[in-house]
Amino acid sequence: MIPVKVDQLVLSNVGFVVLLKSNDGSRTLPIVIGAAEAHAIAFGLNEAKSPRPLTHDLLKNVLDFLECRLLRVEVCDLRDGTFYGRLVLERDSARMQMDCRPSDAIALAVRFVCPIYVAEDVMKQAGRDLEEEGKAGKGAKTKKKLSPLETLNRELARAIKEERYEDAARLRDDITHLKNMEKGN
């Protein structure tokens, strides 16, 4: 298993992507995730507090109440283009593993501040050396890392420009919610 950290959360033309960078910095694993999971990860990374617990906060509270520790999360498999995740838990010295989506595992990992690992085989199949790719395109502009709020604002502008008003309304609500969470409301 390769230890990784959440490097970036970006919005691409295929949706939200979480980039898991190996701790030695040599490889990055991009995983496309849903908007709700992206927001959950962003809230966890920013330590934003909600007046009411969101789903991942609730699960953390339940595990804490049950005195069940989250030891680590793993992106353990890639089959037919789908990533598979696993939670490694411990309670009363007994270890157990639970299958989950990697996006949910990452959202919990940032809340528990626990290690994230990627199976070597998964990294070989889907990992990228972004530094090498960046060197290959020397003349290309380096992209600035965007905050989750900046990412949502850009997507909102794109939705309005493309006249996708239902998407724009949802994004507006997501932006308002994120701003309120950052303020502690």
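The values are calculated or read from the model by the stated rules, or taken from the named source; none is laboratory data. Just so it is clear, the structure is predicted and the values come from calculations on it, not from any experiment. As a convention, Cβ positions derive from the backbone with ideal geometry for all residues, glycine included, and neighbour counts pool all protein chains shown.
Tabulated results
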{"quantity": "Qualifying residue in the stretch 52-63 (condition: in the same structural domain as Gly34 (by TED's automatic domain parsing), surrounded by fewer than 17 Cβ atoms within 10 Å (Cβ to Cβ) and under 18 Å from Ile2 (Cβ atoms))", "calculated": "no"}
{"quantity": "Residue pairs meeting the criteria (Cβ under 7 Å; at least 6 apart or on separate chains; first in contact (Cβ under 8 Å) with a residue 60 or more places away in the chain, in the stretch 157-182; second basic (Lys, Arg))", "calculated": "Met181/Lys49"}
{"quantity": "Some residue of the stretch 75-89 being among the β-branched types (Val, Ile, Thr), in contact with a Cys (Cβ under 8 Å, 6 or more places away or on another chain) and within 20 Å of Pro30 (Cβ to Cβ)", "calculated": "no"}
{"quantity": "Positions within the stretch 65-112 being within 22 Å of Leu19 (Cβ to Cβ) and of a type in the set (Phe, Trp, Tyr), in sequence order", "calculated": "Phe83, Tyr84, Phe112"}
{"quantity": "Qualifying residues in the stretch 1-28 (those that are in a loop (DSSP other than H, G, I, E, B) and at pLDDT below 90) - the one nearest to Gln125 (Cα to Cα)", "calculated": "Ser26"}
{"quantity": "Residues satisfying the stated conditions in the stretch 18-32, i.e. under 20 Å from Gly85 (Cα atoms) and surrounded by fewer than 17 Cβ atoms within 10 Å (Cβ to Cβ)", "calculated": "Asn23, Val32"}
{"quantity": "Every pair of residues 6+ apart whose Cβ atoms lie under 7 Å, when the first sits in the stretch 4-30 and is in the same structural domain as Ser103 (by TED's automatic domain parsing) while the second is among the charged types (D, E, K, R) and not in a strand (DSSP E or B)", "calculated": "Gln8/Lys145; Leu11/Arg154; Leu11/Glu155; Ser26/Asp129; Arg27/Asp129"}
{"quantity": "Residue match in the stretch 125-139 (condition: assigned to a loop (DSSP other than H, G, I, E, B), closer than 15 Å to Leu19 by Cα, acidic (Asp, Glu) and modelled with pLDDT of 75 or more)", "calculated": "yes"}
{"quantity": "Some residue of the stretch 77-94 being surrounded by 13 or more Cβ atoms within 10 Å (Cβ to Cβ), of a type in the set (Ser, Thr, Tyr) and without any contact (Cβ under 8 Å) to a residue 40 or more places away in the chain", "calculated": "yes"}
{"quantity": "Residues of the stretch 67-85 satisfying the condition of being farther than 14 Å from Ala109 by Cα and either assigned to a strand (DSSP E or B) or outside the structural domain of Val32 (by TED's automatic domain parsing) (or both)", "calculated": "Cys76, Asp77, Leu78, Arg79, Thr82, Phe83, Tyr84"}
{"quantity": "Single residue of Ala109, Ala119, Ala157 found to be at pLDDT 75 or above, surrounded by 11 or more Cβ atoms within 10 Å (Cβ to Cβ), small (Gly, Ala, Ser) and closer than 19 Å to Gly34 by Cβ", "calculated": "Ala109"}
